[in-house]
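The values are calculated or read from the model by the stated rules, or taken from the named source; none is laboratory data. Bear in mind that the values here come from a model prediction, so they are computed numbers and not experimental data. Cβ sites come from the backbone with ideal geometry, for glycine too, and all protein chains shown count toward neighbours. Remember, those area values only see protein heavy atoms, side chains included, never the ligands or the DNA or RNA. Shrake-Rupley method; radii C 1.70, N 1.55, O 1.52, S 1.80 Å.
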Amino acid sequence: MPEYLQSMPTKHTWTFKPRLRAKAFGWKGSRLACQRLKEAVTEIKKVDRVDPVLAGDGVVTLMERIWPAFQDIDTSSGALGGAVYWAQNELLPIAIEAPADRKARDKWLDRLWQAIEDDGVSYLSPVEDRWGELCRSSEVASYWADRLLSLVRTAWSDPRPGSYVRGSTVCISSLLAAGRHRELLEVLALQGFPFWNDRKFGVQALLSQGRVDEALAYAEASRGLNQPDTDIDAACERILLDSGREDEAYEKYALTANGSSTGLATFRAIVKKYPGRDPKKVLVNLAASSGEPGRWFAAAKDAGFRDLALEFANTGRTDPRTLSRASRDLLQKDTRFCLEVGRLAIQRILDGYGYELTGIDVLDAYHHFMAAAQSLGIAAEARADVLAIAKKQPGAAFSDVLIRQCSLAPQVSEAPGRKITTEQRTWTRRSPTRH
């Protein structure tokens, strides 16, 4: 087959197209839209294994349909926005790497540009960020930069606030891909206020010229009101790590650049990047820098530093459920640790810590604590201790639950779990009905 025919997308019936038609979803359609988006990603990836050019065309087709299909959906939960962002991160590399010829790629870019212009809520901002990569050549990137550069310069030179140009990110991304670094830095200097989403391209331009220290200074100068400090820290950390300056990267940026939703995820990310660092010292540094030692209890426990975990739990505000689960999970490994953590979980519940706790949570914490006490042979003393704690705070939530539980017969209250019974079943040959 001739090469020019190999680079042309063949005809294909995409399953996702009718499912993602214009206004296909109503106000409460967020969940279904996320599902359809995942199905589309799976379908395009499957096609990419046998026909990369066709898959690239499918990526463009999907991008064209995102705003028309999702425009009527309530996005206040953030689930749909996250799904759209994830889908683009998964699929854009397919379109970038597809071996399409110049004619096909120009058509893709024109279609993507029209989709960006029609986009009502900037769903396609990742497409704009990677526009220079989508061009695949400095010649095409220069064409798109020239197409928008004068308009961006005019808008950013206007002293009046509020000037906005749709496609400004497309312009500067294209300047970077075209190697026009001086022009890129000049046009960014016209901005009245630092905007990291644009200035990160300036950082890349300086790095491309080998100006590492200037790139770091440029990134630091991008801080300001409503700018993402975590993203800036992550960029600076990556620059230093790539330059072999690991100690400086850790001291300045590691503790803030790797923040995640949980302390455990943050700790694991840092340890993975800095394998030569003492994990225990990393945990101590994280606890000191955050000002909330209790957030790092789970990380210290999982890393095997139980003395440090106890210290974090006692000085911080670890959730009682987390303490209760730790008391349950480590019963066979460290009974004394489970006893102390279980008692602390009960104390924290009575002190009012935790979010939307129920009686089940209280009973679970009590049973895990008593299981550890039974293993150590101090069940009676432990029960009396809990009873004393509960009676000291008679008005506290769940104190009456604990008082009643401690007053039950030992064989009932000390049971670490519920007895499970099985039901005998008989089956007939005619129908699988239980009798």
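Each other residue within a Cβ distance under 14 Å of Asp400 adds +1 if Lys or Arg and -1 if Asp or Glu, for a net charge of +3. Here the peptides 320-329, 73-82 are ranked by packing, the mean other Cβ count within 10 Å, and the order with the highest first is 320-329, 73-82.
Work through the residues other than Pro18 whose Cβ is under 15 Å from its Cβ and net out their charges, Lys, Arg +1 and Asp, Glu -1.
Counting the neighbours of Pro18, the net charge comes to +3.
About its Cα centre, how strong a charge dipole does the range 1-158 have in debye, to the nearest 20, once Lys and Arg get +1 and Asp and Glu get -1 at the Cβ?
620 debye
If the limit is 29 Å between Cα atoms, which of Lys107/Lys273; Lys23/Lys45; Lys272/Lys301; Lys38/Lys301 go over it? Correct reply: Lys107/Lys273; Lys38/Lys301. Subtracting the Cα-Cα distance of Val50 and Thr262 from their residue separation scaled by 0.36 nm leaves 72.4 nm. The C-alpha atoms of the chain define a longest principal axis, and helix 168-177 lies at about 80 degrees to it.
Which residue, Phe70, Thr169, Ala371, has the largest displacement toward the positive end of the dipole of the chain when charges sit on each Cβ (Lys, Arg +1; Asp, Glu -1)? The one lying farthest along the dipole's positive direction is Ala371.
What's the ranking of 31-37, 102-108 by average number of surrounding C-beta atoms within 10 Å, highest first?
31-37, 102-108
Among the listed values (i) 1.26; (ii) 0.94; (iii) 1.33, the one matching Cα Rg over 2.2 N^0.38 Å as calculated from this structure is (iii).
Of the accessible area of the range 1-117, computed with a 1.4 Å probe over protein heavy atoms only, carbon and sulfur atoms account for 52 percent. Helix 79-97 axis versus longest C-alpha principal axis of the chain: approximately 50°, rounded to the nearest ten. Taking Cα atoms, how many degrees apart are the long axis of helix 52-70 and the longest axis of the chain, rounded to 10 and kept between 0 and 90? So the helix axis and the longest Cα principal axis differ by about 70 degrees. Using alpha carbons only, the radius of gyration of the range 218-365 set against its Kirkwood radius gives Rg/Rh = 1.07.
Relative to the current alpha-carbon distance between Glu39 and Ser407, full extension at 0.36 nm per residue lengthens the span by 126.9 nm. Comparing Leu255, Thr322, Gly276 along the charge dipole axis of the range 249-322, the residue lying farthest to the positive side is Gly276, per the Cβ-charge model.
Could you work out the helix-only [θ] at 222 nm for the chain, with each DSSP H run of four or more residues adding -39,500 (n - 2.57) and the total divided by the number of residues, to the nearest 500 deg cm²/dmol?
Working: 25 runs with 280 residues, N = 435.
Computed mean residue ellipticity for the chain: -19500 deg cm²/dmol.
Charges were assigned to the Cβ only: +1 to each Lys and Arg, -1 to each Asp and Glu. The resulting dipole of the chain about its Cα centre is roughly 1860 debye.
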